[in-house]
Amino acid sequence: MPPQQTADVIRGTLDLLVLRTLSLEPMHGWGISQRIEQVSRGLLDVNQGSLYPALQRLEQKGWIASDWQVTENNRRAKYYALTPLGRKALGAETAEWRRYVATVELILGGAS
């Protein structure tokens, strides 16, 4: 993919990316999407329509918690933080992702 193009986050990876992002520090939703885009060097685009349902899902699982705070721009925003249960889930989800990628690589490598 040429660097000027962005890709939507692959279905099923958004939760993992959000958990990893929140492992660094608590953030509001827009900050999370910007951090993912920044770290991916602009190659991943987190759709707001996907992000907020993911945040709700992660909160329902107890993996993240939220509270209202004032942003650096003096606006109120919901900030999300990783919980201890979420930190555990991040380790498990990361291990599962790496197994999945290794399996796909086996298939792709064997297809020649």
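The values are calculated or read from the model by the stated rules, or taken from the named source; none is laboratory data. Keep in mind that this is a model prediction, so the values were computed, not measured. Note that each Cβ is placed from the backbone with ideal geometry, even for glycine, and that neighbours are counted across all protein chains shown. Just so you know, the surface numbers come from the protein's heavy atoms only, side chains and all, with ligands and any DNA or RNA stripped out. Shrake-Rupley method; radii C 1.70, N 1.55, O 1.52, S 1.80 Å.
When GLY42 is tested against (1) modelled with pLDDT under 95; (2) within 14 Å of TRP30 (Cα to Cα), just one condition goes unmet, and that condition is (2).
Of all residues assigned to region 56-67, none qualifies as being out of contact with any strand residue (DSSP E or B) (no Cβ under 8 Å at 6 or more places or on another chain), of a type in the set (A, V, I, L, M), farther than 15 Å from LEU17 by Cβ and open to solvent by 20 Å² or more (accessible area, probe 1.4 Å).
The listed residues are GLN60, GLN56, GLN4, and the only one of them that is at pLDDT 95 or above and more than 13 Å from GLY86 (Cα to Cα) turns out to be GLN56.
In region 37-55, of all residues being aliphatic (A, V, I, L, M) and closer than 11 Å to LEU17 by Cβ, the one that is surrounded by the fewest Cβ atoms within 10 Å (Cβ to Cβ) corresponds to VAL39. Residue under question is THR71, and the condition is that it be at pLDDT below 95, open to solvent by less than 50 Å² (accessible area, probe 1.4 Å) and touching a strand residue (DSSP E or B) at 6+ places or on another chain (Cβ under 7 Å); does it hold? The answer is yes for THR71. Checking each residue in region 18-72 for being part of a loop (DSSP other than H, G, I, E, B), more than 20 Å from ALA92 (Cα to Cα) and within 12 Å of the chain's Cα centre (by Cα) picks out SER40, VAL46, ASN47. Somewhere in region 15-36, is a residue at pLDDT 95 or above, open to solvent by 30 Å² or more (accessible area, probe 1.4 Å) and acidic (Asp, Glu)? Yes, region 15-36 has at least one match.
Residues being within 18 Å of THR13 (Cα to Cα) and surrounded by 13 or more Cβ atoms within 10 Å (Cβ to Cβ): count how many of those fall in region 82-93. Total meeting the criteria: 6.
Taking region 94-112 as the range and being assigned to a loop (DSSP other than H, G, I, E, B) and either among the aromatic types (Phe, Trp, Tyr) or open to solvent by less than 50 Å² (accessible area, probe 1.4 Å) (or both) as the test, no residue passes.
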